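What follows is a single structure, written as structure tokens, with notes after it.
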Amino acid sequence: MPSHLPSPLSDTLIDPTRRRLALSAPLALVLGACGGGGGGSSSSSDTGSTSGGSSGGSTGGTTAGTVLGTDASGADVAPPTTTLVGAWRLETGANAIDTAAALTHHRLAVALGTGAVSSGSASLVVGATVAGRTEVSLAGSTVVVLQAEALGLTVTSTLPATARLELALSGSGTQTVTVHSEQDYRLALEGVTLASTDGPALNLQSRQRAFVVLTGSNTLSDSSTYTARTGPDGSAMDLKAALFAEGPLLLSGTGSLAITSAAKHGLASDAHVRLSSGTLNVQAVKKDGVRANHAFVMDGGSLTVTTPAGKGIKVEGKEDATAAVGFIAINAGTLVITSHDKAITASWEGAEDGSTSATTDDPDPRVTINGGTLTITTTGTPFEDTNLTDGDSSLSPEGIEGKSSVTINGGTLVINTTDDAINAGKAIVINGGRILARASRNDAIDSNGTLTLNGGLVIADGASGAEGGLDCDNNTFTVTGGTFIGLGGRNSSVTASAATQNCVTLRTVPAGLLVLRDANGKPAFAFTMPRAASAVVLSSPLLQTGISLTPVSGGTLAAGGAEFNALVQNAGTHSGGAALASAVTIAARVTAF
């Protein structure tokens with residue numbers, strides 16, 4: 001028979017008046033360094049089962065769903081280099097221990113609306129509830145304790161490593177559910193509506209992995225009130241988000257989860273966050289949508305983040321003499337971010353964030369996009385605070401930022417920002433994918449070190465004046481493949497000695513259709529300019545040495561070819577229009593009209 005947790009828990013959970021979450025181009029993957037699951041929970045878990053839903057991949061091969069590109073024949077291209085830090089493969093976020101071996105999970109179900117506790121395992125025995133305390137035993141020993149307290153329900157598991165907990169929540173409640181576990185555990189959300197009136201909705205205080213499996217529709221929300229609380233050892237609990245985990249947070253499933261935070265981050269982990277499947281919608285009114293210390297990895301699923309005052313996804317990074325990490329890897333899935341501040345940032349900066357004088361324990365704050373569909377919008381107005389005596393109030397609403405590097409190997413990215421659409425401290429490498437990067441007040445693609453374009457389709461639409469489409473601060477600008485255009489007030493110069501594919505530059509190009517065509521009207525490049533630009537740089541494999549081309553504005557482009565945001569590949573014949581300059585024969589790596 002199920003046990004029932006008495007008042008105050010059952011009453012306050014049931015009564016909210018009591019005050020107690022296209023175009024595809026061949027991709028050649030050349031990872032370069034530049035300087036400057038869907039499993040739902042089972043009803044019974046007495047037999048061995050995996051830790052549920054999250055796919056961490058392995059230290060070899062690729063993560064499921066990862067797009068790593070193709071060669072000219074269409075065959076998959078594997079990365080020629082692998083960066084391993086501890087158990088992590090930084091290029092994809094693969095981590096073997098995120099996919100646990102088959103283990104027994106003992107299911108314990110809690111109905112939040114009634115306080116009923118029942119066992120889905122023949123081995124777990126639920127005892128009577130006395131003074132709000134329910135003990136659950138395995139082979140005669142107490143292994144799980146559920147305690148109804150003034151601030152909510154606390155679940156403590158001491159199950160051994162060979163027999164782990166599956167905590168299944170359902171129903172509605174208005175108090176925090178706190179979990180302590182000595183081992184990795186599964187948290188099944190099965191139609192939960194948890195609107196906390198004080199503090200986080202889910203407070204996962206275990207440093208072990210929490211495999212969160214979604215079934216049906218689930219919602220979590222916190223309160224603007226966060227009463228301090230202490231852990232079993234008497235130390236103050238860290239309460240950072242509506243859904244907060246001290247350990248790794250691995251989400252999967254066939255269901256959905258909506259998280260709303262009034263006061264803190266939406267979802268946060270003091271370790272890492274991985275999304276493998278399921279649908280997440282995260283809104284944080286005052287802070288960031290998703291926060292993690294070590295990594296954010298997306299292997300699939302759908303994630304929508306809305307932050308009217310904060311950042312979308314931020315990974316802080318932590319020093320570690322053995323395995324320091326602080327990276328972001330997006331392999332597959334659908335990601336939509338609308339943020340006031342930065343949308344995606346691997347933010348570690350040793351000078352600001354380091355606590356030791358050594359740099360060997362610093363993480364590599366890189367961002368890698370291997371696949372997926374990303375739609376990013378930032379809304380804040382960029383501002384640089386020059387008076388830091390009263391604190392730094394600067395705002396830099398960039399789209400994708402890696403304090404070390406940003407590498408794009410695949411996927412479809414549409415980025416509209418006020419500050420840089422893509423920014424990196426040392427290097428930006430684009431090997432593939434379809435990318436529209438548009439910045440209204442700054443550079444579209446901006447590397448403070450080197451810039452390398454090896455493949456893909458890239459539209460870099462930057463601001464006018466001193467800003468532009470493609471900027472690498474006079475560092476090496478390498479072009480070996482792909483089709484791209486950079487437009488704006490200016491662009492960095494392609495390094496001819498580092499280019500193996502021909503490029504063209506133009507000045508003062510009007511809005512409308514821009515075509516580079518030969519004497520027969522066959523286009524080598526076609527793009528509809530969204531506005532006039534003082535400077536344009538472009539490249540395509542069709543810009544072959546020895547052909548004579550004329551830049552033309554306007555006219556008519558015959559049907560044919562594939563289009564990505566007004567960039568046309570294999571365009572039909574072009575006629576009419578006004579020549580912007582006389583015909584020039586392509587004879588060098590960089591040709592100026």
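The values are calculated or read from the model by the stated rules, or taken from the named source; none is laboratory data. Treat the numbers as computed from the prediction; the structure is a model and nothing was measured. Every residue, glycine as well, gets a Cβ built from its backbone with ideal geometry; the counts of neighbours run over all protein chains shown. Accessible surface is based on the protein model in full, side chains and every heavy atom, while ligands, DNA and RNA are left aside. Shrake-Rupley method; radii C 1.70, N 1.55, O 1.52, S 1.80 Å.
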* In region 96-107, what residues are open to solvent by 60 Å² or more (accessible area, probe 1.4 Å) and either in contact with a Ser or Thr (Cβ under 7 Å, 6 or more places away or on another chain) or modelled with pLDDT of 90 or more (or both)? -> 99, 102
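Please work out which residue is farthest from residue 503 (Cα to Cα), limiting yourself to region 461-483 and to residues that are among the charged types (D, E, K, R) and buried (at least 19 other Cβ atoms within 10 Å of the Cβ).
Applying the filter and picking the extreme gives 467.
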* Of the conditions (1) surrounded by 24 or more Cβ atoms within 10 Å (Cβ to Cβ); (2) more than 27 Å from residue 580 (Cα to Cα); (3) of a type in the set (A, V, I, L, M, F, W, C), residue 498 fails just one. Which one is it? -> (1)
* Does residue 112 fit the bill of being hydrophobic (A, V, I, L, M, F, W, C) and under 30 Å from residue 300 (Cβ atoms)? -> yes
* **Selection within region 365-391 - touching a Lys or Arg at 6+ places or on another chain (Cβ under 8 Å) and open to solvent by 30 Å² or more (accessible area, probe 1.4 Å)** => 381, 382
* Structure fact -> Within region 560-571, of all residues that are within 17 Å of residue 512 (Cα to Cα) and of a type in the set (Gly, Ala, Ser), the one nearest to the chain's Cα centre (by Cα) is 566
* Based on what the data block shows, is residue 519 more than 25 Å from residue 465 (Cα to Cα) and either open to solvent by less than 40 Å² (accessible area, probe 1.4 Å) or in contact with a Cys (Cβ under 8 Å, 6 or more places away or on another chain) (or both)? -> no
* Taking residue 458 as meeting all but one of (1) farther than 26 Å from residue 326 by Cα; (2) open to solvent by 10 Å² or more (accessible area, probe 1.4 Å); (3) assigned to a strand (DSSP E or B); (4) aliphatic (A, V, I, L, M), write down the number of the exception. => (2)
* Asked: When both residues are 6+ apart or on different chains and their Cβ atoms are under 7 Å apart, which pairs have a first residue that lies in region 575-593 and is under 12 Å from residue 513 (Cα atoms), and a second that is open to solvent by 50 Å² or more (accessible area, probe 1.4 Å) and part of a strand (DSSP E or B)?
  -> 575/556; 576/556
* Sole exception among (1) touching a strand residue (DSSP E or B) at 6+ places or on another chain (Cβ under 8 Å); (2) closer than 25 Å to residue 260 by Cα for residue 184, by number -> (2)
* Criterion: buried (at least 22 other Cβ atoms within 10 Å of the Cβ) and closer than 30 Å to residue 122 by Cβ - qualifying residue of 189, 220, 243 -> 189
* Asked: For residue 158, all conditions in the list (1) closer than 30 Å to residue 325 by Cβ; (2) at pLDDT below 95 hold save one; what is the number of the exception?
  -> (2)
* Taking region 557-574 as the search range and keeping residues that are surrounded by 13 or more Cβ atoms within 10 Å (Cβ to Cβ) and of a type in the set (S, T, N, Q), which one is farthest from residue 522 (Cα to Cα)? -> 565
* Asked: Would region 250-261 turn up any residue that is closer than 15 Å to residue 309 by Cα, open to solvent by 20 Å² or more (accessible area, probe 1.4 Å), outside any loop (DSSP other than H, G, I, E, B) and in contact with a His (Cβ under 6 Å, 6 or more places away or on another chain)?
  -> no
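Which of the residues belonging to region 535-549 are under 38 Å from the mean Cα position of the chain (by Cα) and crowded, with 18+ Cβ neighbours inside 10 Å?
Passing the criteria: 535, 536, 537, 538, 539, 540, 542, 543.
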* Structure fact -> Residues of region 577-593 being of a type in the set (Gly, Ala, Ser) and open to solvent by 40 Å² or more (accessible area, probe 1.4 Å), in sequence order, are 577, 578, 579, 582, 583, 587, 588, 592
* To do: Would you be able to say whether some residue in region 189-202 is assigned to a loop (DSSP other than H, G, I, E, B), of a type outside the set (Asp, Glu) and more than 23 Å from residue 110 (Cβ to Cβ)?
  => no
